[in-house]
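The values are calculated or read from the model by the stated rules, or taken from the named source; none is laboratory data. Predicted model, so just to flag it, every value in this text is computed and none were measured. So basically every Cβ, Gly included, is an ideal-geometry build from the backbone, and we count neighbours across all protein chains shown. Each accessible area value is taken on the protein alone, full model and side chains, heavy atoms only, with ligands, DNA and RNA left out. Shrake-Rupley method; radii C 1.70, N 1.55, O 1.52, S 1.80 Å.
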Amino acid sequence: MTTKLFGEPIPRREDERLVLGQGRYLDDLGRQAVAAAFVRSPHAHARIRDIDVSRALDVEGLIAIYTWEDLPGLVAEPLPLLIPHPALTHGRTAYPLAKEIVRHVGEPIVMVVATDRYVAEDVCGLIDVDYEFLKPVVGLEEAAQGVHLVHEDVPGNLGAHLVQEVPARDGRSVAEALESAPHVLEFRLDIERSASMPLEGRGVYARWDADDRSLRVYSSTQTSTSVRMALAAKLGLPLPQVEVIAPDVGGGFGVKIVHPWPEEILVPWAAITLGREVKWAEDRREHFISSAHERGQVQHIKVGFDEQGRVLALDVDILHDHGAYTPYGIIVPIITATQLLGPYKIGAYRVVFSSIYTNTVQVTPYRGAGRPQGVFAMERTMDRIAAHLGLDRTDVRAANFIGPDEFPYDQGLIFQDGRPLIYDSGDYPESLRMLKELIGWDDFPAMKQAAAEEGRRIGIGVGCYVEGTGVGPYEGGHVQITSDGRVHVSTGLTSQGQGHETVFAQIAATELGVPFEKVSVVTGDTRRFGYAVGTFASRAAVMSGNAIALACRRVREKALKIAADALEADPRDLEITDGVVHVVGAPAAGIPLATVAVLSNPLRYAFDEEAQRATQFAGTADPDKAPLEDEPGLEGKDYYSPIRSTFASGMHAAIVETDPDTAEIRILRYAVVHDCGRLINPMIVEGQIHGGVAQGVGGALYEKMAYDEHGQLLNASFMDFLMPYVTEVPHIETAHLETPSPLNPLGIKGAGEAGVIPVSSVIAGAIEDAEGIPIMRMPISPSDLYDLRRATD
C-alpha cells in the first residue's frame with residue numbers, strides 16, 4: 001500500500017456518508033429545542049412607529065417575544081463592521097433587531113420563541129407593526145445622485161470611495177497615456193445582482209449549561225472560530241466557556257462567511273435568557289430577502305491601445321451596490337478593482353470605485369467575490385480592442401500577457417489582504433496554447449461557416465483570469481498519533497463540501513508515511529481547534545493544508561527521534577513506510593507508529609497490553625535519561641501564515657448557439673485550462689471547477705435579483721429565480737497546468753472559486769461572435785437577446 005498520496009485522484013471519503021443520508025446538518029440537531037422565528041419588514045424603507053403584540057399573547061405554545069427594546073447591553077448594539085478600511089468613511093451595520101428604521105425588505109424586527117416553528121410563525125403573523133413609509137432608494141445610479149438617503153447621516157449614499165493608480169513603466173499617468181494612445185475606446189458595462197443560494201440556508205442551535213455557565217452553539221457557518229469570538233464579546237462570556245461547532249454544512253459559497261448574523265447573536269442570547277435549547281433554521285424566502293446578495297455593478301471604461309492591441313492606458317470607474325449595510329466592508333469592490341488586471345501587464349492603470357447604499361439586501365462575497373465583475377470588465381475590453389483592430393481575440397490577449405520569466409510580477413496595487421498585489425508564478429502563454437488546442441480555436445472559423453450554411457448561428461468566446469488565493473493571516477493544524485496507530489488531524493476552518501476530509505488526509509498520509517485509511521480529519525469544531533480565520537477566498541488548501549503539513553513534520557521528527565532510541569539508530573537513517581518506522585532499506589526490522597505513540601507517553605498505569613510497554617518496570621526505559629524529555633504524546637501543532645497571497649490562474653472558452661427565431665442560447669462546448677500549482681487531488685479540483693462553471697452559467701444566463709422601484713424583490717423564490725439544471729450545464733473539458741507557488745511549503749494555490757470567475761465574459765464573447773451584436777450587460781436571457789436584435793435591426 002503506497003503512502004505517497006499527494007497528487008492522486010482519490011475518491012472523496014465524505015461522499016458515501018452524505019449520499020446515504022447520514023449527514024448531520026443544522027436542522028437535524030436539537031429536535032428537543034424550542035423554535036425561533038422572526039417578524040421581518042415587508043417594506044424597503046420605513047420608520048417603525050409601534051409594535052403591537054397583544055393579539056399574539058394568548059397563543060398556546062408561545063414562550064417569548066423580543067423587540068430591540070428588550071435586548072440588553074452589547075446585544076442591542078449594531079453588529080460589528082468586520083473589515084474596516086480607511087476608504088470606508090461611512091460604514092454602517094444593522095442592529096440585531098431593527099431600531100426605529102428598517103432599510104430593506106426582510107430586515108428582522110421581532111423575535112418570537114415558541115414550542116415549535118409552526119407556533120412561532122403563527123405568532124409572528126399576529127404581531128402588528130405600524131410603519132411610516134419612507135422613500136426607498138433602489139438602483140445604483142438613482143442612489144448615487146443622493147436625492148433620497150438610505151442613512152440620514154450618509155451624504156450622497158456614498159459609503160466608500162477609493163482611487164488606485166499605477167503609472168506606466170515610463171512614468172506617464174493614465175491621462176497622459178490615453179492622450180497619446182493611437183486608439184481609444186469608451187464604453188459602459190453592467191452586471192446584475194445574484195446570490196449564493198446554498199442548498200441549506202443559515203441556521204443556529206444553542207444550548208446553555210447554567211451549572212458551569214458554558215454555551216455550546218451549532219451554526220451553519222464558514223467560520224466557527226470567529227462566531228465563537230463574536231459571541232463571547234457580545235454576550236459577555238469568557239472565551240473558554242463558549243464552544244461553536246459547524247456540523248455538516250449544505251453549501252456556503254460566501255454568504256456564510258459573514259458573522260455574526262443577527263440570529264447567531266439572538267438565538268444563543270435567548271437560550272441563556274430562557275434557560276432552554278433554542279433553534280432557528282432559515283427558510284428559502286428568508287434567504288432571499290434577509291441574507292446577502294452580490295455582483296451588482298456599473299462600470300465605465302476608457303482604454304488606449306496601439307496597433308498590436310497592447311493596452312497603453314486603462315481608466316475604470318465603478319459604481320458598486322453594497323445594499324443597505326456594509327458588515328463585510330468593501331472587500332468585494334477592492335477585489336474587482338485589483339483582480340481586473342488579470343494576466344496582463346497594462347501600461348497605466350487607474351481604477352475608481354464608489355460603493356453606494358441602496359434600500360436592498362446587503363452585499364457580501366459570493367463565490368468569485370468581485371472577480372467575475374473585474375474579469376467581465378477586462379475581457380470585454382480585450383474583445384472590444386480586437387474588434388476595433390480586426391485582430392484575433394487570442395492574439396490581443398497574448399500581446400498583453402505577463403511573460404513566464406517575469407515572475408514575481410508586481411502590479412503596483414494593494415490586494416484585499418492589505419499586501420502588495422504581486423503574482424508569484426504562472427505561464428499564461430502556455431495556458432492559452434493549451435486552451436486553443438482543447439476548444440479547437442483555429443478550426444472554429446470553418447465550423448462557423450458550415451453552421452451558417454445550415455442557417456445556424458454559433459460563436460466562440462474566451463476569457464482569462466488571475467485569482468488571488470490563500471489569503472492570510474493564518475490557519476493552524478493539529479496532528480496526533482494515538483496508541484492504536486491512528487492519525488487524528490484537526491484544523492479550525494470549516495467545510496461546506498470542498499472535500500477537506502479527503503485532501504487533508506492525503507497531505508497527512510503523505511507527510512507521515514501512513515495509510516490513508518488510518519487518518520481522520522475534523523474541521524470547524526472549536527473544541528478541537530480554537531483559532532482559525534475561516535473558509536473563503538480559495539484558501540483552505542493553501543492555509544490549512546500547509547499548516548497540517550508543518551504539524552505533520554513536527555510529529556514525524558518526534559517519531560523518528562523516539563524510534564531511533566528504541567532501534568538504537570540515527571534518526572537520519574530512518575524513514576516511515578505504511579505506518580512503520582524503520583532503517584532505510586530494511587522495512588522488516590521496524591517499529592510501528594502505534595508503539596512509538598505508546599513510548600512517547602511514559603505511563604505509571606497500564607490500561608491495555610500495548611500500554612504495558614510504557615510503564616516503569618517494562619524494561620524499555622534508559623536508566624540514565626529522564627522518563628520524559630519532550631512533551632508527552634506523539635502530537636504536534638503548527639500554523640501557516642503567508643507573506644502574501646498566491647495567485648492561481650486559468651482560461652476558459654465556450655462555443656454557443658443562438659436560435660435565429662427564439663433567441664434561445666445553448667452552450668455547445670465548454671473548455672477550461674486551470675493552474676492552481678501542485679494538485680493535491682486532481683479529481684476534487686475537477687469537481688470544484690465543474691461546480692464553479694455551473695454557477696457561472698447561472699450568473700451568465702439565468703440568475704438575477706429583480707427589484708422594483710419600491711425595493712420589493714419580485715423573484716424571491718425558486719419558482720421565479722432561475723438557476724441552471726444539470727440539463728443547462730454543458731460537459732466541461734478540462735486540462736491542468738502546474739506552476740508551483742514558491743510562497744508555501746507545498747507549492748499549492750487555491751482552486752475553489754476558479755470555475756465561476758470568467759464565465760459571464762466567456763459567454764458574452766461567444767454570443768457576440770454568433771450575433772454580431774455588442775453584449776455589454778449580463779446576465780442575458782433569450783428575451784434580452786431578442787430585444788437587442790430588434791434594437792439593432
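Here are the numbers for the structure shown:
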read-out	value
Highest to lowest packing among 443-452, 322-331, scored as the average C-beta count within 10 Å	322-331, 443-452
Estimated FRET transfer efficiency when R0 is 35 angstrom, pair Arg47-Ala210 (beta carbons, to 0.05)	0.35
Rel. contact order, % - alpha carbon contacts under 8 angstrom, at least six apart, the stretch 391-501	16 percent
Carbon plus sulfur fraction of accessible area for the chain, probe 1.4 Å, in percent	51 percent
Relative contact order, percent, the stretch 71-168 [alpha-carbon distance under 8 Å, six or more residues apart]	24 percent
The chain: relative contact order in percent, alpha carbon pairs under 8 Å with at least 6 residues between	16 percent
For the stretch 462-521: accessible area per residue (Å², 1.4 Å)	21 Å²
Centroid-to-centroid separation of the stretch 286-364 and the stretch 129-204 [C-alpha atoms, Å]	7 Å
Residue among Gly418, Val163, His690 farthest towards the positive dipole end of the chain, charges placed on Cβ	Gly418
Solvent-accessible area per residue for the stretch 679-780 (1.4 angstrom probe, square angstrom)	36 Å²
Only Lys, Arg (+1) and Asp, Glu (-1) charged, at Cβ; the chain dipole about Cα centre in debye	820 debye
Sum of -39500 (n - 2.57) over DSSP H runs of 4+, divided by residues of the chain (222 nm, nearest 500)	-8000 deg cm²/dmol
Bridge type composition, the chain - antiparallel percent by DSSP, nearest 5	80 percent
Sequence-distant lysines (8 or more away, or on other chains) whose Cα lies within less than 30 Å of Lys637	Lys4, Lys234, Lys256, Lys518, Lys558, Lys561, Lys625, Lys749
Amide H within-cut-off set for Val244, under 5 Å, with H built and near neighbours excluded	Val217, Thr526, Arg527
Calculated FRET value between Ala735 and Thr482, using beta carbons and R₀ = 30 Å, to 0.05	0.10
With 20 Å bins from 0: P(r) over the chain, alpha-carbon pairs, percent	15, 44, 31, 9, 0
Calculated FRET efficiency for the pair Asp442/Thr93, C-beta based, R₀ 56 Å, to 0.05	0.60
Phe133 paired with Tyr118, simple spin-label distance in nm, labels 7 Å along Cα-to-beta-carbon	3.6 nm
Selection from His582, Ala541, Gln498, by position along the positive dipole direction of the chain (Cβ)	His582
